[in-house]
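Notes for the one structure printed next.
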Amino acid sequence: MNILAVLIPVSLILGGIGLFAFFWSIKNNQYDDPKGNAERILSDRYDDSPDGD
Amino acid sequence: MNAETPSMAACPACVALPDKGKLLPKLDPGEVAMRRIELSLPTVHCAACIAAVERRLGHRPDVFGARVNLTLKRVSITAADLPEIEDALIETLDSLGYPARPLDSAVLAKSESEKAGRDLLARLGVAGFAMMNVMLLSISVWAGAEGYTRDLMHWISAAIALPAIAFSGFPFYKSAWGALRRGRLNMDVPISLAILLAGGVSLFETAEGGDHAYFDAALSLTFFLLIGRYLDYKTRAAARSAASELAALEVQKARRVGENGEELVPLDALREGDIVAVSPGERLPADGVVSWGDSELDPSMLTGETLPQAVGKGAVVRAGMLNISGPLKIRAEAVGEETLLKQITRLVETAESTRNKYTSLAEKAAAIYAPAVHLLSLVAFLGWGFATGDWRLAVNIAAAVLIITCPCALGLAVPAVLSAASGRLFAQGVLLKDGVSLERLAEIDFVVIDKTGTLTTGKPALVNESDISLQDRSVASALARHSAHPLSKAIAAAFPSDLEIEDIREHPGFGASGVLNGIPVRLGRADWCGAQAGDQTAVWLRIGEAAPVAFLFEDQLRPEAAKTIAALKNAGLKVHLLSGDARGAVAHMAREAGIDDWTAKATPAEKVEMLTALAAQGHKVLMVGDGLNDAAALAAAHVSISPASAVDASRSSADMIIINDDLREIVKSHKIAVASKRRIIENFSIAAIYNLISVPLALAGFATPLMAALAMSTSSITVSLNSMRIGRMK
């Protein structure tokens, strides 16, 4: 059971990284235009301002 | 997609720097003031549209950045702060094939509402993260961990869960507290109580080394309910942006003729006795008397009549009428509060204030649900407490009852359906101003529809083509070619002609004259061409001294109108045509569209009366209309729809707007509304069934944290999946 002492912190840290990435993506306007993002990937033009500004 | 079409330069800066695409040097962003402009682009729908719009705007020297938002169907532009820049940009987009409308950027500024959305999303993220971790830890407990291991798991869970429920559940606590302070119960009261009680009891049990901790239940409750809350927010944000799009109306101005020529003044600066100039194509800003000029006025938006009125000096005219042919000067007689326009606005306000408050399905469900849950849990607490004398067990069971009955599914049932349905409608071209209108639309049993501009196109078309000789056609066309009058344009478009007529002269308000092979020819109003004006819209042609020939015009039924009416009747709805136009025209259109009941010559007030009378008979009426004369009726109806071509007043008092101007959307929207209501009720039933099974178990004290977790997740998932089906309806 000693392995738990390693695994639990590891799982928490990994989850924490995910949560941090989610906060970062909210902050960068990534949920403002989901439909546009779905379509933009089809365009071969380089997207100069993916964060919407 | 022709991205390189040159646009008409409409602003002084563009005349100085003619727009020739990439070759132009950009204005230096350091030198000019910049402004953010938001335009609504209802027709963008694909990757190619995005690229075309952004590239074309990027080529303008006065644009520093353009970004299309496909979800909101909008483009946000950073441009030089030049006068009239907005109009120039709109023209560029129009020439590209994307009709654009200005939005009030002050209203749309990254505002409170956007912050609220991000806030909810962040809370949702935290709840999701915490739920998954606690769930993992709980699995070992459910699998049979005992003693120290179990306590350790509980303590770690507590360390994650307590901060998370404090942060994520905040919107519920706030709303519940608000309701309690006013002495009411809303859905959030049992929710908050369940979350807090679950957290509290679990902490106590953990400290005492007990068997059951409900941390995971408290968190998944928060998580699922936040999803519902977020969907709800999304729907309302879309509705709000629709409403603000409609509120961003053009500022009403009038051209006042003063001593130093004409000046543009706001409408409310107009005084009685002022002289106002009105060009062809403009609407009259005030009631008054014509003091100079001859023209024809189109009263259709005001009264529903399609026959243009010929006016000359001394004629009494009404604000809101459209000037068709010649420039006019009008002495304002009634301004501001006294105009017909304002009277209609007052009618709208009265109608809105008397419209009864609608109790939505969610509110009805909450009204039954909230007291029932509290009562059950209190009964469980007291029952177990007195029966066994073990108050710790009693609190545990009361918490289990609250958690198990807690409305995960109930909180998701309505928002999930409404967000799926309003998304579906928006994709189809229908704007919903608020979710409740969908429930109202599902209840209708009667449709009242306006004629001019709603059932018909509002654009007259030639009807007696076969009665006109070939020669007359080409003479008329040659004369009409040079005129901007809508009827002339229709003639010129209908009969291409290469005839050359000499000495063509426009006679504003009357028509055009010319000389053909030495014979004078005239095209214009009946009395000017020596004919007797009939009861139909007509243009007359006179060649020399020959008898004048009439070109008769009629407002045309929309191509999809008859099908729409048939479909509405098939759906079991009664249809009534309500118009302000003359009896003959209304009867004719009613017959063509297949409507049996009709009313003609109805004033705006009579329209409202009719709707009130129908409501008094117990009918739930859908009103469809577009004119100023319909605005009050739209506000008085149970639910109302306007086509996008409607006047501003109507668009702002209608509950739904058909953006793509296709009447068939009424039928489709009604179907979606009925389906949505059925889904909501199904969802409530699903939630009720889960409760029927689990509540007795919880009351009997058999509920375990594992059961709570299962019941909660399965019911939420079933309800969400059921709601999604709206988006897949054919």
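Tabulated data
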{"item": "Reduction of at least 50 Å² in accessible surface, 1.4 Å probe, comparing all protein chains with the chain by itself, residues of the stretch B:111-144", "result": "B:R118, B:L121, B:F129"}
{"item": "C-alpha long axis of helix B:170-181 to longest principal axis of chain B, angle in °", "result": "90"}
{"item": "Gained length - B:A605 relative to B:L552, 0.36 nm times residue gap less alpha-carbon distance", "result": "15.9 nm"}
{"item": "Calculated FRET efficiency for the pair A:I8/A:Q30, C-beta based, R₀ 41 Å, to 0.05", "result": "0.85"}
{"item": "Excluding exposed DSSP-loop chymotrypsin sites (Phe, Trp or Tyr not before Pro) (at most 15 other C-beta within 10 Å), longest clean stretch of chain B", "result": "B:1-357"}
{"item": "Nearest-ten-degree value, helix B:705-724 long axis tilted from longest Cα axis of chain B", "result": "10"}
{"item": "Rounded percent of accessible protein surface that carbon and sulfur make up, the stretch B:126-171, 1.4 Å probe", "result": "75"}
{"item": "Residue list for the stretch B:151-179, given a label point 7 angstrom along the Cα-to-Cβ vector of B:S140 and an amide N cut-off under 15 Å", "result": "B:151-160"}
{"item": "Interface size B-A, as summed buried accessible area [1.4 Å probe, Å², nearest 100]", "result": "2300"}
{"item": "Average partner coverage of A:31-40, which counts Cβ from other chains inside 10 Å", "result": "6"}
{"item": "Per-residue HN-Hα couplings for the stretch B:301-313 [Karplus 6.51, -1.76, 1.60; θ = phi - 60°; Hz; x = Gly/Pro]", "result": "5, 8, 10, x, 6, 9, 6, x, 9, 7, 10, x, 4"}
{"item": "Phi-based couplings in Hz for the stretch A:37-42 (Karplus 6.51, -1.76, 1.60; Gly and Pro marked x)", "result": "4, 5, 7, 4, 5, 7"}
{"item": "Coordinate range along principal axes, alpha carbons of the stretch B:336-456, Å, largest first", "result": "76, 36, 27"}
{"item": "P(r) tail fraction, the protein assembly as shown - alpha-carbon pairs more than 41 Å apart, %", "result": "48"}
{"item": "5 angstrom amide H check on B:N69, placed H, neighbours 5+ away", "result": "B:R74, B:V75, B:S76"}
{"item": "Highest average packing first - B:187-199, B:487-499, A:23-35, B:625-637, Cβ atoms within 10 Å", "result": "B:625-637, B:187-199, B:487-499, A:23-35"}
{"item": "Interface residues in the stretch A:1-20 - accessible area drops by 20 Å² or more relative to the isolated chain, probe 1.4 Å", "result": "A:M1, A:L4, A:I8, A:S11, A:L12, A:G15, A:L19"}
{"item": "Percent accessible area from carbon and sulfur atoms, the stretch B:268-318, protein chains only, probe 1.4 Å", "result": "48"}
{"item": "Cut-off of 10 Å, at most 10 other beta carbons, DSSP loop: longest stretch of chain B lacking such GluC sites (Glu not before Pro)", "result": "B:260-499"}
{"item": "Accessible solvent surface per residue of the stretch B:492-577, calculated while the other protein chains remain in place, 1.4 angstrom probe, Å²", "result": "51"}
{"item": "Chain B, relative contact order in percent, only Cα pairs under 8 angstrom and at least six apart counted", "result": "13"}
{"item": "Estimated inter-spin distance, B:A587 and B:Q428, nm [label 7 Å along Cα→Cβ]", "result": "3.6"}
{"item": "Relative contact order of the stretch B:350-454, pairs being alpha-carbon contacts under 8 Å that are 6 or more residues apart, as %", "result": "19"}
{"item": "Shielding score for B:380-392, defined as the mean number of other chain Cβ atoms within 10 Å", "result": "0"}
{"item": "For chain B, the spread of Cα positions along each principal axis, largest first, Å", "result": "115, 67, 48"}
{"item": "Pairs of Cα atoms farther than 28 Å apart, the stretch B:417-565, %", "result": "40"}
{"item": "Accessible surface of the stretch B:28-92, 1.4 Å probe, proportion on carbon and sulfur as whole %", "result": "53"}
{"item": "With DNA, RNA and ligands ignored, accessible area of B:V32 (1.4 Å probe; Å², nearest 10)", "result": "50"}
{"item": "Peptide B:63-76 - average C-beta neighbours from other chains (10 Å radius)", "result": "4"}
{"item": "Cα-based helix-to-principal-axis angle, B:112-142 vs chain B, degrees rounded to 10", "result": "30"}
{"item": "Phi-based couplings in Hz for the stretch B:601-609 (Karplus 6.51, -1.76, 1.60; Gly and Pro marked x)", "result": "6, 8, 7, x, 5, 5, 4, 4, 4"}
{"item": "Where the stretch B:273-355 is the region considered: accessible area per residue in Å², 1.4 Å probe", "result": "42"}
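The values are calculated or read from the model by the stated rules, or taken from the named source; none is laboratory data. Keep in mind that this is a model prediction, so the values were computed, not measured. In this analysis, Cβ positions are derived from the backbone assuming ideal geometry, glycine residues included, and neighbour counts consider all displayed protein chains. Please note that ligands, DNA and RNA were not included when accessible areas were found on the heavy atoms of the full protein model with its side chains. Shrake-Rupley method; radii C 1.70, N 1.55, O 1.52, S 1.80 Å.
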